Amino acid sequence: MSERIESLDLIRGVAILGILFMNIMAMATPIEAYYSPFWREGLSALEMPLYQMQSMVFESRFMSMFSLLFGVGLYIQYQSALAKDLPARARLFSRLRWLLLFGLLHGFLVFVGDILTLYACCGFLLVWLLGMSNKKQFGLALLFLVLGQLLMLSLVAAVFFKGVPMVMSEVPLSPEALSALQQTWTSYPDRLIAQAVEFGQFLLFIPAAALWHNTGLMLIGILLYKKGFFHQSRFIPWGLASLVLGLVLGWWVQQLRAEIGYSSDVGFATMLLMMLTGLLSAIGYCSLLVLAATSGNVLVRLLKNAGKMAFTLYISQSVLTYLIFVWLVPQYWGQLGRPELLSLVVALTVLQLWFANFWQQKYGQGPLEKGWRYLAYRRFRQVES
């Protein structure tokens with residue numbers, strides 16, 4: 001069991017640190033930069049290759065890894081509660097209600113791309129499916145993934161063929177448009193209003209597609225866990241095959257984007273294809289990390305410690321970038337390209353690895369993890385004692 005837990009910690013640590021390599025484009029630049037390498041004029045020659053690297057290595061990959069692991073975590077907690085004859089569903093619902101509250105606060109006040117709200121919504125559905133047979137879970141996973149893709153495709157069709165307006169603007173953004181966006185996202189109360197509008201739109205998107213796709217990923221994570229994927233090396237060849245297939249399909253999506261044009265609309269429309277390649281690549285990444293989990297390597301140990309504090313690190317990523325680009329140097333919001341922003345992410349990753357290792361050695365459980373656990377289970381302690 002310890003080996004399995006260690007592999008999950010390692011995968012979770014890599015996933016939470018890898019997410020920032022994509023999220024930074026939604027934290028320090030207009031949303032158009034997330035989907036297009038031509039989001040403004042005067043960008044470095046490195047912008048295009050770095051955009052392609054992001055798309056092939058990070059886009060939907062680490063988010064998918066984290067979704068797989070979220071499902072596994074819920075299942076482990078469910079099984080643990082049943083083994084102790086505790087009210088499993090009630091305890092999970094309590095955790096998810098607090099996660100939803102954290103997510104809403106995070107999304108409305110700090111980072112519009114919050115995933116905690118989405119994961120809480122997925123969890124509310126997933127809790128009712130944890131006791132099902134493998135066959136039923138597999139069928140529902142496929143159904144949810146297909147449903148998510150069809151709903152997303154409908155949204156894309158509405159944008160392109162029915163004239164439904166999108167939030168994103170034409171690229172490259174003009175200096176005037178960029179200046180206006182910078183003013184909005186670095187001053188108050190403009191930022192709070194804009195963030196409330198965008199996050200509100202994201203909340204509508206959750207039942208429209210994201211809920212089903214990510215719940216499907218979580219079910220796949222549970223099934224992989226049950227089969228021993230996260231602690232048995234015999235699955236590694238299958239994982240590597242999945243990784244290769246994901247890379248090949250990801251390269252094809254990149255070629256499709258290049259042929260159609262690197263506009264924000266194209267980036268958004270082809271996101272649903274990247275979501276599927278992301279799942280394949282995520283399974284491949286996980287298989288490699290399972291192989292590395294038993295290593296005594298210093299980096300592996302640091303990444304495991306990061307995985308034990310994924311909640312704390314996720315929130316800290318948003319808070320740090322918020323402090324940097326809203327309070328400390330707001331004049332740099334929307335002015336830095338991928339070379340500078342990814343360099344910043346590398347620096348923040350090193351900082352997070354150091355902090356996680358320091359905290360684990362000195363205090364153990366992460367501060368937000370500890371607080372979440374206390375809030376979720378405090379009403380059960382009196383009854384259980």
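Things worth noting here:
- Test: ALA310 is on the phi < 0 side of the Ramachandran plot, in contact with a Phe, Trp or Tyr (Cβ under 9 Å, 6 or more places away or on another chain), open to solvent by less than 70 Å² (accessible area, probe 1.4 Å) and modelled with pLDDT under 95: no
- Scoring ALA194 on the criteria (1) more than 30 Å from LEU328 (Cα to Cα); (2) free of Cβ contacts under 8 Å to residues at least 40 places away in the same chain leaves a single failure, condition (1).
- Picking from residues in segment 325-355 that are touching a Phe, Trp or Tyr at 6+ places or on another chain (Cβ under 8 Å) and either of a type in the set (D, E, K, R) or open to solvent by 20 Å² or more (accessible area, probe 1.4 Å) (or both), the one that is farthest from PRO49 (Cα to Cα) is TYR332.
- Verdict on ALA292 being small (Gly, Ala, Ser), modelled with pLDDT of 95 or more and surrounded by fewer than 20 Cβ atoms within 10 Å (Cβ to Cβ): no
- Some residue of segment 83-94 being open to solvent by less than 40 Å² (accessible area, probe 1.4 Å) and under 23 Å from GLN317 (Cα atoms): no
- Unmet requirement for CYS286, which otherwise passes all of (1) in a helix (DSSP H, G or I); (2) surrounded by fewer than 19 Cβ atoms within 10 Å (Cβ to Cβ): (2)
- Within segment 17-40, residues that are closer than 20 Å to GLY307 by Cα reach partners that are not in a helix (DSSP H, G or I) with beta carbons closer than 7 Å, at six or more positions or on different chains, in the pairs MET22/GLU59; ASN23/GLY113.
- Some residue of segment 252-259 being surrounded by 20 or more Cβ atoms within 10 Å (Cβ to Cβ), among the hydrophobic types (A, V, I, L, M, F, W, C) and within 18 Å of ALA33 (Cβ to Cβ): no
- Checking GLY364, GLY334 one by one, the residue that is of a type outside the set (Asp, Glu), at pLDDT below 95 and part of a loop (DSSP other than H, G, I, E, B) is GLY364 and no other.
- Filtering SER44, SER64, SER60, SER7 for residues that are open to solvent by 10 Å² or more (accessible area, probe 1.4 Å), in contact with a helix residue (DSSP H, G or I) (Cβ under 8 Å, 6 or more places away or on another chain), within 24 Å of ILE236 (Cα to Cα) and among the small types (Gly, Ala, Ser) leaves a single hit, SER60.
- Positions within segment 103-126 being aromatic (Phe, Trp, Tyr) and open to solvent by 40 Å² or more (accessible area, probe 1.4 Å), in sequence order: PHE108, PHE124
The values are calculated or read from the model by the stated rules, or taken from the named source; none is laboratory data. Keep in mind that what you see is a predicted model, and the values were worked out from it rather than measured. Don't worry about glycine lacking a Cβ; one is built from the backbone with ideal geometry, like all the others, and counts go over all protein chains shown. For accessibility, only protein heavy atoms count, side chains too; no ligands or nucleic acids. Shrake-Rupley method; radii C 1.70, N 1.55, O 1.52, S 1.80 Å.
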